[in-house]
Amino acid sequence: MCLFTKAVSHVSSTHIFARREGARQLLVYSMEFAATEELAMVLPLPVPPGSDEDAVDFIDLGGYAEFFADLREAFPLLYSAAQSSGPAPRGGGDLAVPLKVIGVGRFEASFVPSMGDFSRLDPRFQLPGDVTQKLARYADWGFAVFKLKPKPKKLGLFEPAPERIHPMAFSFPHRHPDQVFFPTLHVHDGQLTERANFDHLLIVQPPAALASQLDWFASDRILGEVIDEGRAPGVVDGAAKAQQLSLFGPQQNRDVVLALPRGTTPESLRLEHELFTLQARVGALLNPAHVAYHPRWEQSAERMAELLPRLAAAFEAFLSPRSEALALCGRVAELPRYFMNGRLLFSGTSYLDGSPGASGDAGVVRFQPFSDGIEPQHLYLGFTRVPEQDALNRLVQELNQVVTSVVS
């Protein structure tokens, strides 16, 4: 959620970087905005309920305005730009004690431990009562508050010109050990709508449990090659790459939370069978851009703990009586790797390293059966002789029908 305590005339080009570091999450936030008076930007944080006032560590990036420009250098040029119930509110004597204010570059920042603690802020930066009523979902969350002082408008202009503010950075304890949180829900001018116009670039260094499931665009350089870590100490993992997602235009108005489906682990999402290996894919749950085009994919990803055994049983029922005719041999580690690229057989593991392949030799082929109800799953089949192209295309269609029978 991004919420302003006063009216803003312009908000665009929001950039957010996130990274987990043990029990804590780092977040860096930047945007262009224009306003006519001092105001505050409020970001909700999924801290453990009842967190102390010093739970958030603010990081001064006032001397590193180009942090996101440098960060985008890690990505290929094609993708380098975004065009794109808990404890009750605290009461009693706490309300009389002002919250700690910390200077962070051009800003003054505070951590508000709970919704009820907003009354301890300067009145100019408190949330209107009608707004807090709309934010019941954040009742036991904490909030990072940044006090912004817009540049004065130039003589002759009716509205102040938009300005890009230097990145706001901080780390906080996360209540969920395996999630990454992006505050993207919009509340502007006191309005909370079901859909909102997005102009966001999200960049993440995901934990290992999420990395293989993300279908965001990956950087081709480690961040230590592009970020001046002396000016952003501890913010990025310089030895690791990152992934990014551009959200542009009308989108479902909500925060972006990266997490595996309830009841699953990376290990439980992979099933080994004597005839096949099934790697469940739940990327639709981690990519809000899918919702507009494939709304049911997210729903099936959420149910993957239930669906995966059913998918495996359906593939077994289909493949077992056909194993001899298909010349299946199980997935053998040393066999060459192939994958279906649309209707064509490619050698390699993905479009990044693949090239057109030939049938006839032994190999393991990755199929991606899918339907309107479920995103492409990764099904690996080992063959003593990889079938000819026409036979492979028939098999692709049949595997899609198997998936459709499970998720109709």
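Miscellaneous remarks
- The single condition among (1) among the charged types (D, E, K, R); (2) crowded, with 22+ Cβ neighbours inside 10 Å; (3) more than 17 Å from the chain's Cα centre (by Cα) that residue 54 does not meet is (2).
- For segment 321-379, the candidate set comprises residues that are of a type in the set (Ser, Thr, Tyr) and surrounded by 13 or more Cβ atoms within 10 Å (Cβ to Cβ); within that set, the residue that is farthest from residue 397 (Cα to Cα) is 347.
- Segment 292-408 holds helices (runs of 4 or more DSSP H) entirely within its bounds, and those carrying 1 or more residues that are closer than 18 Å to residue 270 by Cβ map to 295-302, 304-319, 389-406.
- All positions within segment 1-25 that are surrounded by fewer than 21 Cβ atoms within 10 Å (Cβ to Cβ) and closer than 20 Å to residue 66 by Cβ: 12, 13
- Selected residue [within 25 Å of residue 289 (Cα to Cα), exposed (fewer than 13 other Cβ atoms within 10 Å of the Cβ) and at pLDDT 85 or above] from 177, 167, 183: 177
- Considering segment 279-291, the residues that are in contact with an Asp or Glu (Cβ under 7 Å, 6 or more places away or on another chain) and not in a helix (DSSP H, G or I) include one that is nearest to residue 339 (Cα to Cα), namely 281.
- Of all residues in segment 270-306, those satisfying the criterion of being polar (S, T, N, Q) and out of contact with any strand residue (DSSP E or B) (no Cβ under 6 Å at 6 or more places or on another chain) are 287, 299.
- Test result for residue 397, closer than 18 Å to residue 278 by Cβ and modelled with pLDDT of 95 or more: no
So that you can scan it fast, the table gives a plain yes or no per residue for (1) modelled with pLDDT of 95 or more; (2) surrounded by fewer than 20 Cβ atoms within 10 Å (Cβ to Cβ); (3) in contact with an Asp or Glu (Cβ under 9 Å, 6 or more places away or on another chain); (4) not assigned by TED's automatic domain parsing to the domain that holds residue 77:
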{"position": "202", "(1), (2), (3), (4)": "yes, no, no, no"}
{"position": "205", "(1), (2), (3), (4)": "yes, no, yes, no"}
{"position": "211", "(1), (2), (3), (4)": "no, yes, no, no"}
{"position": "221", "(1), (2), (3), (4)": "yes, yes, yes, no"}
{"position": "230", "(1), (2), (3), (4)": "yes, yes, no, no"}
{"position": "235", "(1), (2), (3), (4)": "yes, no, yes, no"}
{"position": "249", "(1), (2), (3), (4)": "no, yes, yes, no"}
{"position": "253", "(1), (2), (3), (4)": "no, yes, yes, no"}
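- Selection of segment 237-246 for residues being more than 30 Å from residue 306 (Cα to Cα) and surrounded by 20 or more Cβ atoms within 10 Å (Cβ to Cβ) yields only 242.
- Test: residue 76 is closer than 16 Å to residue 40 by Cβ and modelled with pLDDT of 70 or more: no
- Candidate set: segment 139-164, residues that are within 30 Å of residue 262 (Cα to Cα) and modelled with pLDDT of 90 or more; chosen: the one surrounded by the fewest Cβ atoms within 10 Å (Cβ to Cβ): 140
The values are calculated or read from the model by the stated rules, or taken from the named source; none is laboratory data. The structure displayed is predicted, hence computed values, not measured ones. Neighbour counts run over all protein chains shown; Cβ positions are idealised from the backbone, glycine included.
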